[in-house]
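To start, the structure under review is shown below, and the notes come after it.
Coordinate-derived values only; no laboratory data. Everything numeric here is computed off the predicted structure, so don't read it as measured data. Every residue, glycine as well, gets a Cβ built from its backbone with ideal geometry; the counts of neighbours run over all protein chains shown.
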Amino acid sequence: MTHISQSSGRTIMQSLWSKNFTVYLSFTILHLYLHLCNHQTAAMATTTRAAATSRRGIFMILSPAKTLDLSELVLVDLPPSSSLPSCDIHKTRQLAEILKSKSKKQLKDLLKVSDNISCTVKDYYDVFNVEASVLPVLLELEDASKKIDLCANSKSAIFSFDGPAFKGISPTTCDIDSIEYMQAYLRIIDPLYGALRPLDLIQPYRLEMASKGILKDLGTDEKSLAKWWMASITSSILEDMKSSECNVMVNLASDEYAAAVDQMKLEQEDCTFVKVAFQQEGKVIAVHAKKARGLMVKYISENKLESVEGIQQFDLEGYGFCEDRSDDTTIVFDRSKNWQDSTSTSTGTGTGEGQSTDKKRKAVKQLGKKAASKKKN
């Protein structure tokens, strides 16, 4: 057995410690390097994922409807979770309290409706739960059953409204992706709730943006609901547009509801405001135009459009883009009053979708020439 002196042993131990420390330090540096590389790779992957999943759509505004569908909602494929109105809950509560305090006759005079409708409206407001319209109240409730009670009289806006535009959307036939697109990019300009997302829960009510006299009870000099709501609605919409990285708003609302959006404010924020008009042989037929607006909402949402140019391809129910009547601020679509006959003919002859679209565009050009000649005469 070889004898090692104490000094030699100390020298060997120092040498081994030095080597081990060097190895340890090397492994530590390597570990830190790999950690940094992994972190950078993960960050790059996250950025790539974010870029891949970030969607830029076309922001849309739409009017609500007077008629409501109060039937129980039954869907095979459940839509995303419902949301709660959040445009300006203070203003919603103010209006709701005023309307709840009105008698049947007062509601009839205020809303300019018949005796039968005033009875229905009175029933709406008798059971209208003001607390359910206040978002913080719902969020602070610990009792789940009370949350359910407050929302028991509620239904998502897009499934509640039942006018021509919403028949055009036909939300129960839309797939979940389309509903999610609408939730992100569609806002319903509403006289009671301000700006509604499609899945925001609303209670049955009757009120129009053109209704006059309701603001007297608030002690304000403002007479127009559209102007009274303008700052809140515009602020809410701009915030949503920024978060969605949208800079184009397509106006599918009627003039009285579109007036609640401050176009000058949108321009200041570099947002383009484009109106879409639907005509029939050069004339606007209200009920047809309303349905067409809903069809356009569905078309944009199903195709996940990202540009105004994509809108010009819209050709549902006989409509075609009128380039000669459109400009930077207005996109015009027209159709023949006999569009159903032309559609069935093109379908029956087996000409194919492409040829059918070409025929529609030729027909629309002819309509444009007729409309132009009428104006000259």
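Between the residues 203, 219, 248, the greatest Cα displacement towards the positive end of the dipole of segment 202-252, with unit charges on the Cβ of Lys, Arg, Asp and Glu, is found for 219.
Let a ≥ b ≥ c be the square roots of the eigenvalues of the Cα gyration tensor of segment 213-262; is it rounded (a/c under 1.5), or, if not, prolate (a/b larger than b/c) or oblate? In terms of gyration-tensor shape, oblate.
Placing unit charges on the Cβ atoms only, positive for Lys and Arg and negative for Asp and Glu, gives segment 153-215 a dipole magnitude near 280 debye about its Cα centre. With the cut-off at 1.5 for a/c, could you classify segment 154-213 from its C-alpha gyration tensor as rounded, prolate or oblate? Prolate shape, in that a/c is at least 1.5 and a/b is the bigger ratio. Sequentially through segment 182-196, phi angles give Karplus couplings (6.51, -1.76, 1.60; θ = phi - 60°) of 4, 4, 7, 10, 10, 10, 9, 6, 10, x, 9, 9, x, 10, 9 Hz, Gly and Pro residues having no value and appearing as x. Near residue 202, the amide H atoms lying under 5 Å from its own belong to 155, 156, 157; only residues 5 or more places off or on other chains count, and H is placed 1.01 Å from N. Database remark: amide H of residue 331 closer than 5 angstrom to the amide H of 275, 276, 277 (H placed geometrically; neighbours at sequence offset of 5 or more, or on other chains; Pro and chain starts carry no H). Pull out a ≥ b ≥ c, the square roots of the eigenvalues of the alpha-carbon gyration tensor of segment 140-290, then state rounded if a/c is under 1.5, prolate if not and a/b is larger than b/c, and oblate in the remaining case. Here segment 140-290 falls in the rounded category.
Taking amide H as placed 1.01 Å from N in the peptide plane, residue 195 has its amide H under 5 Å from the amide H of 87, 88, 190, each at least 5 places away in sequence or on another chain. In sequence order, segment 330-340 has phi-based couplings of 9, 10, 10, 10, 9, 7, 7, 5, 9, 4, 5 Hz under the Karplus curve 6.51 cos²θ - 1.76 cosθ + 1.60, θ = phi - 60°, and Gly or Pro positions carry x.
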